[in-house]
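The structure appears below as structure tokens.
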Amino acid sequence: MAKIEILVGTTQGGTEYVADDMAAELDKLGHETQIHLTPNLSELDPKSLWMIVSSTHGAGDLPDNIAPFYQQLIATNDDLTELKYALCAIGDSSYDTFCQGPEKIISRLDQLGAISFVNKIQIDVQMDPVPEDAALAWLAQWQSSITPTN
Ligand SMILES: Cc1cc2nc3c(=O)[nH]c(=O)nc-3n(C[C@H](O)[C@H](O)[C@H](O)COP(=O)(O)O)c2cc1C
């Protein structure tokens, strides 16, 4: 069993459904998931696996609910070298800034020493109108490699 923090960035709520479905799948496998709709750095375990599940809004911007978390990351110098993360980005390829919002978070996590646990997925709602399906297929590719220590 692993502890998995799921950080959600959403404006209309669609991405929250994607996060809920992945959490349900991980719970079935015996992992301990926690969904954060307003993530707070001080409440997250830096020795767990973080899944960032976020759409993009504006012009390559993070949704408002997760933007303050990004500011917390910018303000901290915490050592995150024990942290592993997985990115599930959801966007629309008709925008030049396709899926760029959560890249800001990933870029800062990398600066703080965190390591990507798997290749990210960028779900294009033009191609996948039901992003849950693409997200669950992606999760199925790597969920068996999650270990208690990650
Ligand atoms: C005003 C607006 C701006 C958007 N900007 C972007 C963008 O810059 N890049 C992108 O990939 N998708 C963009 N999108 C598409 C959303 O990320 C996509 O519709 C997503 O499914 C919304 O999920 P949510 O309801 O969970 O926020 C934008 C959508 C809207 C309505």
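Assorted remarks:
- Extents of segment 53-150, largest first, come to 38, 33, 19 Å (Cα atoms, principal axes, whole angstrom).
- Within a straight-line Cα-Cα reach of under 17 Å, LYS47 can be paired with the following aspartates and glutamates, leaving aside sequence neighbours fewer than 8 residues apart in one chain: GLU5, GLU32, ASP78, ASP79, GLU82, ASP110.
- Mean shadow area of segment 98-147, taken as a quarter of the surface of its Cα convex hull (nm²): 4.2 nm²
- Note on segment 38-89: Kirkwood hydrodynamic radius from all Cα pairs is 12.0 Å, rounded to one decimal.
- Extension gain, ASP45-ASP27: 0.36 nm per intervening residue step, less the Cα-Cα distance, totals 4.7 nm.
- Note on SER107 and ASP61: the model spin-label points, each 7 Å out from Cα along the C-beta direction, lie 1.6 nm apart.
Read the figures in this text as sums done on the coordinates, not as results from a lab. Just so you know, these numbers come straight off a predicted model, no measurement behind them. Cβ sites come from the backbone with ideal geometry, for glycine too, and all protein chains shown count toward neighbours.
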